[in-house]
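Presented below is the structure to which this report refers.
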Amino acid sequence: MHNGYLEMWDNWAKKRANVPVYDNWLDDYNVILNSNRSVEILDFGCGIGADTLYLIERGFNVLSCDFSQEALRSIREHIPNSKTKYLDMLEKFPFHDESYSLIIADLSLHYFDNDTTIHIMNEIRRILKRNGILLARVASINDVHFGTGVGEQLEKNFYFEGDYTKRFFDQEDINRYFGIIGDLESFETSMLRNEEEYRKPKMLYQVRAKKRG
């Protein structure tokens with residue numbers, strides 16, 4: 001399934017191989033971003049680089065990570081001053097302990113089963129510095145336009161949709177998984193980008209997780 005999943009995301013990246021379109025959700029965290037202006041920010045599961053572009057246009061130093069080489073190629077081609085690194089979330093992350101003070105994971109953490117999600121959260125915690133922060137968005141159980149409750153249910157709120165698996169979070173899930181990292185602030189929100197697949201709002205949870213000192 002892993003190879004088929006990679007092929008699907010490579011094809012997704014090829015079809016969207018252009019300058020990415022971003023929304024401004026990170027505006028909510030200007031204070032956190034500006035306190036990390038002198039360090040490298042990790043854009044984790046970056047896709048074709050929507051948040052990478054947002055950050056680079058504002059003068060931040062970003063390392064864009066994904067397991068789709070097509071997505072990383074698109075970033076290098078279309079976003080000046082970008083840096084990319086291959087990363088497979090199923091494996092141990094290729095970073096030293098406590099090496100990042102800020103990680104961004106936008107729409108990249110809601111595709112995995114329970115054990116893998118726990119592994120990912122533990123790895124994020126491992127590579128975050130003391131008092132480091134994860135900023136993330138994941139699909140909500142109220143995301144009715146984008147597949148919640150559709151397909152074969154494999155676990156609570158986790159479905160196989162034919163080509164891939166997807167998890168839809170409720171508040172209990174947010175607390176359970178992101179609480180592995182540390183202290184949480186979260187709320188339900190929506191997003192709408194000027195792209196074909198986002199003609200309707202996506203319902204999301206927006207999360208700030210701070211590693212306990």
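The values are calculated or read from the model by the stated rules, or taken from the named source; none is laboratory data. Keep in mind that this is a model prediction, so the values were computed, not measured. Here Cβ is always computed from backbone atoms with ideal geometry, including for glycine, and neighbour counts include all displayed protein chains. The protein model used for the area step is the full one, side chains on, heavy atoms only, and it has no ligands, DNA or RNA in it. Shrake-Rupley method; radii C 1.70, N 1.55, O 1.52, S 1.80 Å.
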Arrange the residues VAL21, VAL150, VAL31, VAL62 by how much accessible surface each exposes, largest first, with a 1.4 angstrom probe.
VAL31, VAL150, VAL21, VAL62
Along the charge dipole of the range 29-108, Cβ charges K/R +1 and D/E -1, which of SER101, THR52, SER38 sits furthest on the positive end?
SER38
Magnitude of the charge dipole, the chain, Cβ model with Lys/Arg +1 and Asp/Glu -1, debye to 20
640 debye
For the range 96-140, what class follows from the C-alpha gyration tensor (a ≥ b ≥ c being the square roots of its eigenvalues): rounded when a/c is under 1.5, otherwise prolate if a/b is larger than b/c, else oblate?
oblate
The chain - percent relative contact order, Cα under 8 Å, separation 6 or more:
18 percent
Can you tell me how the chain classifies by the Cα gyration tensor, rounded, prolate or oblate, using a/c under 1.5 as the rounded cut?
rounded
Can you tell me which of ARG130, ARG58, ARG167 moves the most in a GNM of the chain? Springs connect C-alpha atoms under 10 Å apart.
ARG58
For the chain, what does the accessible surface come to per residue with a 1.4 Å probe? Please give it in Å².
47 Å²
Enumerate by residue number the GluC sites (Glu not before Pro) in the range 93-184 meeting two conditions: DSSP loop (anything except H, G, I, E, B), and at most 14 other Cβ atoms within 10 Å of the site's Cβ.
GLU98, GLU161
Calculated from backbone phi, Karplus (6.51, -1.76, 1.60) coupling profile of the range 98-107 in Hz, x at Gly/Pro
6, 9, 10, 9, 8, 10, 10, 9, 9, 6
Roughly to the nearest percent, how much of the accessible area of the chain is carbon and sulfur, given a 1.4 Å probe?
46 percent
